There are 4 protein chains.
Amino acid sequence: MTDKSQQFASDNYSGICPEAWAAMEEANQGHQRAYGDDEWTHRAADDFRALFETDCEVFFAFNGTAANSLALSSLCQSYHSVICSETAHVETDECGAPEFFSNGSKLLVARTENGKLTPDSIREIALKRQDIHYPKPRVVTLTQATEVGSVYTPEEIRAISITCKELGLNLHMDGARFSNACAFLGCSPADLTWKAGVDVLCFGGTKNGMAVGEAILFFNHDLAEDFDYRCKQAGQLASKMRFLSAPWVGLLQDDAWLKHARHANHCAQLLAQLVSDIPGVELMFPVQANGVFLQLSEAAITTLTARGWRFYTFIGKGGARFMCSWDTEEARVRELAADIREVMAG
Amino acid sequence: MTDKSQQFASDNYSGICPEAWAAMEEANQGHQRAYGDDEWTHRAADDFRALFETDCEVFFAFNGTAANSLALSSLCQSYHSVICSETAHVETDECGAPEFFSNGSKLLVARTENGKLTPDSIREIALKRQDIHYPKPRVVTLTQATEVGSVYTPEEIRAISITCKELGLNLHMDGARFSNACAFLGCSPADLTWKAGVDVLCFGGTKNGMAVGEAILFFNHDLAEDFDYRCKQAGQLASKMRFLSAPWVGLLQDDAWLKHARHANHCAQLLAQLVSDIPGVELMFPVQANGVFLQLSEAAITTLTARGWRFYTFIGKGGARFMCSWDTEEARVRELAADIREVMAG
Amino acid sequence: MTDKSQQFASDNYSGICPEAWAAMEEANQGHQRAYGDDEWTHRAADDFRALFETDCEVFFAFNGTAANSLALSSLCQSYHSVICSETAHVETDECGAPEFFSNGSKLLVARTENGKLTPDSIREIALKRQDIHYPKPRVVTLTQATEVGSVYTPEEIRAISITCKELGLNLHMDGARFSNACAFLGCSPADLTWKAGVDVLCFGGTKNGMAVGEAILFFNHDLAEDFDYRCKQAGQLASKMRFLSAPWVGLLQDDAWLKHARHANHCAQLLAQLVSDIPGVELMFPVQANGVFLQLSEAAITTLTARGWRFYTFIGKGGARFMCSWDTEEARVRELAADIREVMAG
Amino acid sequence: MTDKSQQFASDNYSGICPEAWAAMEEANQGHQRAYGDDEWTHRAADDFRALFETDCEVFFAFNGTAANSLALSSLCQSYHSVICSETAHVETDECGAPEFFSNGSKLLVARTENGKLTPDSIREIALKRQDIHYPKPRVVTLTQATEVGSVYTPEEIRAISITCKELGLNLHMDGARFSNACAFLGCSPADLTWKAGVDVLCFGGTKNGMAVGEAILFFNHDLAEDFDYRCKQAGQLASKMRFLSAPWVGLLQDDAWLKHARHANHCAQLLAQLVSDIPGVELMFPVQANGVFLQLSEAAITTLTARGWRFYTFIGKGGARFMCSWDTEEARVRELAADIREVMAG
């Protein structure tokens, strides 16, 4: 196989981190019971409970599409609706998965500030319609860190959860980059979730260094009723579950998950800093997690692409997204920054 | 972690085979494009096309529940029905997954001989009802090898596919143990599938030595239209796809898949042979693939379980299922056979 | 239009009864609010609460397929299962509607005696499987009167509901011919439903003399949460609702519903009596509601059909179903009985 | 029952027109076969084929929610999307029914001019995303007349259908007020549908003077495959179908449908004319069909409501919708206009 150069298109271009790999290797000894009734799965669940300092219920799914869609469908019925931001991954990049898993729940898009929902924007959508001709709002979903690289503080989450309780809404957190949010804020996982009123968290493993797999944590036990059946029916129960759970054991040990997230965030800060003085380059959003959103020129984007760089663009707008990963090398960041400088000068 | 002794409860108690592991290790170098647009995935698809000697369309899903349910839902609409055997995994062990993915298609159970559907049993079900108050039959699903360890010959499959064409039914093959069927019959994959009239095959990787992952092969291109969207929406598109596809590259190289299947089949034959002269022990089904179904006494089952053996039982019937895997050791088979002999003498 | 002769194929071959017609006519004066916020709908709901002597929640749907499927889907999730008899209409004649509305709940068929479920047959199915690979039983559905014309006594229902509570199952009653059951037993609607432990009843209007429309009565208020949204989303909220509710006002007034049911039952008894001494004719089930199931000869069935009679047959078995309706004329019953006598003699 | 005064809240506040009533009365003689195999249903279907001058396939559903959702779900799969206007009833007032019936198809909202989609607005949405992370556009749905009372000309429809063919999109028409569009344009039904490239039309009966019932006309026969099963499974097959079809026979005879629509349109024109010189009153949209959208003052709206008038308002905007029906009396229109004049002067 040929070109394996590091890219900034997505943090899922990276591979498996050493800690996850070592755990998989260890788990690959002999036989184990299937479908999660194995020692690794029990241990991973316990490790999550220790990390979150609470007796939450823990499930594992193959990817984020499924984890979030399953969680959302356990929080509402088909005739209910889910309030999300206009940039929410469930709205823009899941090909209708939440609607499919829930058999028709509608996503209602709310205004955001720097990619973040607010109590006011939630209230506005939740109270807009109250008749049976429109799906009844029942869930709010936050992405932490957001799709534009910003991060909700514990206070912001708490304010939102208070609004949710008041309006009868369950609160879900899409944590595809939850580790990056923790790393940025220096908060404990508990502070950012159940202590702030979150009912369910989907904790992303793939972008944190795993091959596949996300964890779904229910802090609200009632909402987890028969969730294991839901996972099974939806094709999300792994027979050789140990290969989804063991990597978590590896990641959670000695805070490897946090170390990787800090590194990715650091690379993003580095990139932002290196391009900060380039004329014509502007930050589109504050750099908090592991993504850098830059306003470049269209010509610069074309040239960067021609030079072999991979990143997401916002067509016709000159916007470019650069994601850093657990394995991103600083040298590669500097190489990218230098190229940006050149093409913008060009 | 403690007891990793080999068991015979299921062939998914085993781990990852060396060929799959090596390929994953090699794939875990540097960055790769996500969502299947990587070199490993392209190569695995090409390898399948070479193995099956035809330009089929190849997709990857996380597990068999999803692979089969997605394939079936692409072959019918919600108001159609799927004809299957009474022991079919989709009917007995998927928690309603086919009904969920298809939004309501009904499974119609047909009579079998040694776990195998026949043209007559299919015809009987397909023609039983022809009014709009009953879901219209549209698909037949075969399991190859079957859930009771028997195997369809190419002639049997061809006879069924002729009946399907006559009745307007699509033909799906659940190949969770397809490799074991190939190994038993000594047939080429092509002979057992598209050359015999199969429209879609779900080729099982997990039981063949992978961590996760099944391949879905459409020999009928029309039926594959937009199937990639279907996978994505249903939460079955892996972002780091290379870790689902690279193991296939490893397995398909030098016929490792076939070698492992032959070994598992051989162990099943060995077990059957070792217990063949034990008084009171009877084979429930012919041993063709990697499973041995024995009629034991209830007391023997209890004692075997007490001695630490894990296997599936058919409560109240004295039936016991023993599955062999790619890694099953002959010594362990002999140990089991000796214990069966002892407890039956009991 | 040509032949309007009374037939015995189904009790839905009849038209609209005078009481329902008169109420529709009265309702067709001037304007009324839409979607059930009209005086007729409020009045019909109150009339139901009076008839059932309890503060139940009342909804209206267009037909029985939808009423039963909506009710069942409010009692379980997609990964749950519904225990029903092998002759249950939801299993045999709804083209997968329960599976569609619930997004995949599986129907589990239990043994019956004279078409009726028993505590034992329910328990057997409910306890057969307790693993997540099989949909978890959550609902029992009874048909009252059954599809073979038999009727559950209050004691039988109570025994079943006790079993349900013990096993964590909700209890639904498909009352397409509920009025015929009431008429046969001489019981109050309350005795046959909530007093005996039924959670939800679908009360059939169509077969009782309406053009379209069934009522759904929730005795368990918790289960009715947001059921109005469910109806709306599933295309079962009539804009000119008064034309579904006013006929109920007509039917419930002065017990017209009961009078019609008694008449239909009486005609069934008459038919049964008139053919009781015909050699070769045998009753397949006790005649309790408005259906008569006769074992005839195949030749007799052919000749009856040739003479223009319409009725359901059980192919290859010589079985024939004759349904009486609210408008069935005794003379026509005698005509049928005479013809049966002739063709059986033939 | 009390207040039956004519209102302008919706054209579904009206009752059953004389022609529909007479046909129901005639249909209510004797017995008829159930489930659409009756003479009235065959005749209604033939009448539609005569009216539309083509051999279309005709189905009947209970209401518009279901008719449109069933039609849309026959035009796409769950992972496809439907392009509609931001005011489309399927988007704003069906409580997620299209998503439910299709098991998750996403509605994509396009820009409109006077409530009407254009080739450009369709193209913009259809081409915005072409990756598998977003549901693939497959259908365009037009509402004729639109929800804001405007009407597509045959030329406009043809231009849209050309764009659809080019982009691989099926074209659906929500014709809840199709008759009003025909009446305004003076075009034949054929000119406004299949001759202009429409694949499927849902022709509204309820707002045209029926109790319940919409007709679904497939001009593209391939798309109608097994649609009868779809209707049955979704709870939209009436057993006493004659009461859904006979009213259509009444309405289609002697162009009663057109007469009623013309009358409703005329009343709307009258209202618009009567208020045209009132200071502060402005038309929000051109009056083409049977709706009048007026910009009033908030105070005027409050006073009108206090005086007992019922109409839809757009909260905080001073907008008010007045719908005329087949039975609207000119005197009542003048009464309303006079009151508007008074309250605006107030």
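The values are calculated or read from the model by the stated rules, or taken from the named source; none is laboratory data. Nothing here was measured: the structure is a model prediction, and the numbers come from that model. So basically every Cβ, Gly included, is an ideal-geometry build from the backbone, and we count neighbours across all protein chains shown. Ligands, DNA and RNA are stripped out before the accessible areas are found, and what is left, the full protein with its side chains, is counted by its heavy atoms. Shrake-Rupley method; radii C 1.70, N 1.55, O 1.52, S 1.80 Å.
On the stretch given as region C:302-320, residues that are farther than 21 Å from C:ILE16 by Cα, in contact (Cβ under 8 Å) with a residue 40 or more places away in the chain and surrounded by 16 or more Cβ atoms within 10 Å (Cβ to Cβ) total 2.
Just checking, does region B:279-290 include any residue being part of a helix (DSSP H, G or I) and more than 12 Å from chain A (Cβ to nearest Cβ)?
no
Per-residue answers, yes or no, for (1) outside the structural domain of C:CYS187 (by TED's automatic domain parsing); (2) acidic (Asp, Glu); (3) free of Cβ contacts under 8 Å to residues at least 24 places away in the same chain; (4) out of contact with any Cys (no Cβ under 8 Å at 6 or more places or on another chain):
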| site | (1), (2), (3), (4) |
| --- | --- |
| C:ASP277 | yes, yes, yes, yes |
| C:MET284 | yes, no, no, yes |
| C:ASN290 | yes, no, no, no |
| C:ASP339 | yes, yes, no, yes |
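For every residue, the table says whether it meets (1) more than 21 Å from D:LEU142 (Cα to Cα); (2) modelled with pLDDT under 95; (3) at the interface with another protein chain (Cβ under 7 Å from one of its Cβ atoms).
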| residue | (1), (2), (3) |
| --- | --- |
| D:MET1 | yes, yes, yes |
| D:ALA23 | yes, no, no |
| D:GLU53 | yes, no, no |
| D:ALA67 | no, no, no |
| D:TYR79 | no, no, yes |
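I'd like to check something: does region D:292-300 contain any residue that is closer than 17 Å to D:ALA264 by Cα and of a type in the set (Asp, Glu)? No: region D:292-300 contains no residue that is closer than 17 Å to D:ALA264 by Cα and of a type in the set (Asp, Glu). Among the residues of region B:197-224, the ones that are in contact (Cβ under 8 Å) with a residue 24 or more places away in the chain and outside any strand (DSSP E or B) come to 17 in all.
Flag: A:PHE184 matches the condition of being more than 14 Å from chain D (Cβ to nearest Cβ) and aromatic (Phe, Trp, Tyr).
Which ones in region D:51-68 are out of contact with any Cys (no Cβ under 9 Å at 6 or more places or on another chain) and in contact (Cβ under 8 Å) with a residue 40 or more places away in the chain?
Quick first cut of region D:51-68, residues out of contact with any Cys (no Cβ under 9 Å at 6 or more places or on another chain) only: D:51-58, D:62-63.
If the condition is that a residue be out of contact with any Cys (no Cβ under 9 Å at 6 or more places or on another chain) and in contact (Cβ under 8 Å) with a residue 40 or more places away in the chain, then D:LEU51, D:PHE52, D:GLU53, D:THR54, D:CYS56, D:GLU57, D:VAL58, D:PHE62, D:ASN63 are the ones that fit.
The residues listed here are B:GLN295, B:GLN253; of these, the one that is surrounded by fewer than 19 Cβ atoms within 10 Å (Cβ to Cβ) and touching a helix residue (DSSP H, G or I) at 6+ places or on another chain (Cβ under 8 Å) is B:GLN253.
Go through C:GLY168, C:GLY149, C:GLY175 for me and flag whichever is free of Cβ contacts under 8 Å to residues at least 40 places away in the same chain and crowded, with 24+ Cβ neighbours inside 10 Å.
After applying the criteria, what remains is C:GLY175.
Inspect all residues belonging to region C:82-91 and state whether any of them is over 23 Å from A:GLN77 (Cβ atoms) and within 14 Å of chain D (Cβ to nearest Cβ).
Narrowing region C:82-91 to residues over 23 Å from A:GLN77 (Cβ atoms): C:85-89, C:91.
Okay, now just the ones that are also within 14 Å of chain D (Cβ to nearest Cβ), so C:89, C:91.
Looking through region C:82-91, at least one residue is over 23 Å from A:GLN77 (Cβ atoms) and within 14 Å of chain D (Cβ to nearest Cβ).
When you look at C:CYS267, is it crowded, with 24+ Cβ neighbours inside 10 Å, part of a strand (DSSP E or B) and either within 14 Å of chain D (Cβ to nearest Cβ) or in contact with a Lys or Arg (Cβ under 9 Å, 6 or more places away or on another chain) (or both), yes or no? It is false that C:CYS267 is crowded, with 24+ Cβ neighbours inside 10 Å, part of a strand (DSSP E or B) and either within 14 Å of chain D (Cβ to nearest Cβ) or in contact with a Lys or Arg (Cβ under 9 Å, 6 or more places away or on another chain) (or both).
Matching residues to (1) over 24 Å from D:ASP226 (Cα atoms); (2) more than 9 Å from every other protein chain (Cβ to nearest Cβ):
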{"residue": "D:ASN28", "(1), (2)": "yes, no"}
{"residue": "D:GLU57", "(1), (2)": "no, yes"}
{"residue": "D:CYS76", "(1), (2)": "no, yes"}
{"residue": "D:CYS95", "(1), (2)": "yes, no"}
{"residue": "D:PRO98", "(1), (2)": "no, no"}
{"residue": "D:THR112", "(1), (2)": "yes, yes"}
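Being of a type outside the set (Lys, Arg), under 23 Å from C:GLY209 (Cα atoms) and either in the same structural domain as D:ALA145 (by TED's automatic domain parsing) or open to solvent by less than 30 Å² (accessible area, probe 1.4 Å) (or both), is that true of even one residue in region D:189-202?
Our first condition is that a residue be of a type outside the set (Lys, Arg); within region D:189-202, this holds for D:189-194, D:196-202.
Subset that is under 23 Å from C:GLY209 (Cα atoms): none.
No, there is no match, as no residue in region D:189-202 is of a type outside the set (Lys, Arg), under 23 Å from C:GLY209 (Cα atoms) and either in the same structural domain as D:ALA145 (by TED's automatic domain parsing) or open to solvent by less than 30 Å² (accessible area, probe 1.4 Å) (or both).
The requirement of being over 18 Å from the mean Cα position of the chain (by Cα) and in the same structural domain as B:ILE160 (by TED's automatic domain parsing) is fulfilled nowhere in region B:84-96; no residue meets it. Being on the phi > 0 side of the Ramachandran plot and open to solvent by 50 Å² or more (accessible area, probe 1.4 Å) is true of D:GLY280. If you scan region B:123-144, which residues turn out to be within 14 Å of another protein chain (Cβ to nearest Cβ), surrounded by 20 or more Cβ atoms within 10 Å (Cβ to Cβ) and in a loop (DSSP other than H, G, I, E, B)? Of everything in region B:123-144, those that are within 14 Å of another protein chain (Cβ to nearest Cβ), surrounded by 20 or more Cβ atoms within 10 Å (Cβ to Cβ) and in a loop (DSSP other than H, G, I, E, B) turn out to be B:ILE132, B:TYR134, B:PRO135.
Against the test of being closer than 13 Å to C:ALA289 by Cα, of a type outside the set (S, T, N, Q) and assigned to a helix (DSSP H, G or I), the options C:ALA190, C:ALA159, C:ALA181 yield a single qualifying residue, C:ALA181.
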